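Let me begin by presenting the structure, written as structure tokens, before commenting on it.
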Amino acid sequence: MRSKEERIVCMGHRTAWAALLTVLLTVMAAVPAECRAQAGTETAAPKTHPAVGTIKAISGNTLTLTTDSGSELNVILPTDVKLMRVPPGSKDLKDAAPIQLSDLKGGDRILVLGKINDDGKTFTATTVVAMKKEELAEKSAHEKEEWQRHGIGGLVKSVDAANGAVTIGVMSAAGSKEVAVRTTKSTVVRRYAPDSVKFDDAKISSLAAVKVGDQLRARGMRSADGEEFTADEIVSGTFRNIAGTILTVDAKAGTMNVSDLATKKPLDVRFTSDSEIRKLPQPIAQRIAARLKGASPDVSQTGGAAAPPGQSGTAAPAGAGQGATGGPGGSPGGRGGGDLQQMLNRLPATPLSDFQKGDAVMIVATSGESDSQPTVITLLGGVEPILQASPQGQATSILTPWSLSSGGGGSDAGTP
């Protein structure tokens with residue numbers, strides 16, 4: 001299963017495919033027009049039917065394509081088919097290079113132009129543009145690391161769309177801190193679709209769509225004093241932060257009924273394969289609670305060193321801790337940042353069946369704007385000491401849709 005960071009990377013790849021498809025369709029449409037001009041006659045241009053997906057298998061001059069919509073197509077490659085290879089992320093054909101059929105392998109991503117047969121399952125290709133599996137994996141790994149090393153996330157406190165700035169509250173082991181996230185003309189801004197936990201569903205948007213209370217994740221560069229963050233990419237969405245106790249749980253059905261501490265009312269939530277579930281060990285929960293009360297326990301015992309002011313709040317790669325190198329989210333020159341998300345990142349996944357009536361939980365879920373139940377993005381158990389210690393509304397701000405997603409193992413290992 002893809003991690004959230006991998007889904008952001010995949011979303012970027014799909015944007016590149018869309019741009020590349022536009023170029024291809026323009027080129028293909030121009031060819032018949034030139035032929036008609038030379039022949040001096042007007043005939044209808046053959047309609048092209050693009051398909052995008054991953055090669056499942058190849059047999060002779062036919063390949064099986066699993067499309068992005070989940071269906072399968074048998075793609076026939078005639079002897080005169082045009083085969084090209086482009087680097088991952090390409091949005092045009094300037095770097096395209098011709099390849100042979102033998103160069104295509106299972107797992108390669110391809111964009112196909114041609115004509116679908118009457119049966120709706122067979123596709124005769126005229127042009128195939130490929131991105132190689134190995135190159136995609138290498139690029140995805142790099143981009144995933146960039147989101148981990150150079151990412152920041154938190155709750156939106158204020159929005160100044162006119163000046164391209166958003167202020168977010170970032171929770172660290174030292175407490176809450178506000179950071180000004182600034183955009184440039186080249187910053188890519190995306191927004192979650194309502195009731196979706198998938199980055200693939202996020203759409204190109206603008207800062208004007210960001211609201212106070214939203215969850216926001218940005219990738220970019222933090223200033224030296226830690227007060228500002230210049231974003232290359234931003235993803236935001238309206239989510240529900242829920243703290244409460246479990247009334248009922250049905251692990252097989254993937255549902256839970258929670259008594260919301262804020263509203264004093266029961267709330268049904270549902271889980272999907274993308275939902276992330278973790279449970280805090282009590283010693284860590286007690287130390288976080290002490291932090292929220294203003295005490296100063298030995299943070300190193302929670303798995304990370306206290307970071308200097310302005311150097312916390314960035315999710316570090318899984319496994320980072322004491323001895324981690326500096327950089328965004330870590331203290332300069334050596335010791336890793338003690339931010340709570342970094343601690344949460346290392347927690348193993350917990351099955352839903354491990355939870356029972358009366359357990360205290362903190363949840364980030366979709367906003368539930370439609371008639372459907374809110375869908376759980378992240379759930380954290382073992383939080384009784386935190387809920388008892390924290391001021392109203394502060395406890396749930398520890399979690400973001402990306403808080404638990406950089407650890408290893410479990411249903412989803414990775415950060416957005």
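Once the mean 1/r over all distinct Cα pairs of the stretch 80-173 is inverted, what Kirkwood radius in angstroms do you read off?
Computed over Cα pairs of the stretch 80-173, the Kirkwood hydrodynamic radius comes out at 17.2 Å.
Suppose R0 equals 60 Å; then what is the FRET efficiency for ILE204 and LYS252 from their Cβ-Cβ distance, rounded to the nearest 0.05? Please list the in-between numbers first.
Details: r = 38 Å, r/R0 = 0.64.
E between ILE204 and LYS252, to the nearest 0.05, is 0.95.
How much length, in nm to one decimal, is gained on full extension between ALA161 and SER353, taken as 0.36 nm per residue of separation minus their Cα-Cα distance? Kindly include the intermediate steps, with their values, before the conclusion.
Details: separation 192, 0.36 × 192 = 69.12 nm, distance 4.38 nm.
Here the segment from ALA161 to SER353 would lengthen by 64.7 nm.
What ranking of LEU104, LEU155 comes out by heavy-atom accessible area, probe 1.4 Å, highest first?
Values: LEU104 10, LEU155 30 Å².
Largest accessible area first, the list is LEU155, LEU104.
Taking all protein chains as present, what is the carbon and sulfur share of the accessible area of the stretch 225-290, in % to the nearest whole number, probe 1.4 Å?
51
Listed here are the pairs LYS82/LYS132; LYS82/LYS115; LYS252/LYS357; LYS82/LYS139; LYS264/LYS293; LYS56/LYS91; which of them are more than 19 Å apart at the Cα?
Numbers: LYS82/LYS132 16 Å; LYS82/LYS115 14 Å; LYS252/LYS357 15 Å; LYS82/LYS139 25 Å; LYS264/LYS293 24 Å; LYS56/LYS91 24 Å.
Among LYS82/LYS132; LYS82/LYS115; LYS252/LYS357; LYS82/LYS139; LYS264/LYS293; LYS56/LYS91, the Cα-Cα distance tops 19 Å for LYS82/LYS139; LYS264/LYS293; LYS56/LYS91.
Quick one: order THR79, THR184, THR238 from most to least accessible surface, probe 1.4 Å. Write out the running numbers ahead of the final one.
Working: THR79 150, THR184 70, THR238 50 Å².
So, going from the largest accessible area down, we get THR79, THR184, THR238.
May I ask you to give the percent of accessible area on the stretch 42-181 that is carbon plus sulfur, with a probe radius of 1.4 Å? Write down the numbers at each step before the final one.
Values: 3420 of 6940 Å².
Ligands and nucleic acids excluded, carbon and sulfur reach 49 percent.
So which GluC sites (Glu not before Pro) in the stretch 189-268 are both in a DSSP loop and have at most 15 other Cβ atoms within 10 Å of their Cβ? Let's see the in-between values first.
Numbers: sites: GLU227, GLU228, GLU233; in loops: GLU227.
Sparse-neighbourhood loop GluC sites (Glu not before Pro): GLU227.
Convert each backbone phi in the stretch 142-149 into a coupling constant with the Karplus relation 6.51 cos²θ - 1.76 cosθ + 1.60 (shift: θ = phi - 60°), then list the ³J(HN,Hα) values in order as whole Hz, x for Gly and Pro.
Values per residue, Gly and Pro as x: 5, 5, 4, 5, 4, 5, 6, 6 Hz.
Just to confirm, what accessible area per residue do you get for the stretch 190-296 at 1.4 Å probe, in whole Å²?
I get 46 Å² per residue for the stretch 190-296.
The values are calculated or read from the model by the stated rules, or taken from the named source; none is laboratory data. All of these numbers come straight from a predicted model, not from anything done at the bench. Glycine gets a Cβ as well: all are built from the backbone with ideal geometry, and neighbour counts include every protein chain shown. All accessible areas refer to the heavy atoms of the entire protein, side chains included, with ligands and DNA or RNA removed. Shrake-Rupley method; radii C 1.70, N 1.55, O 1.52, S 1.80 Å.
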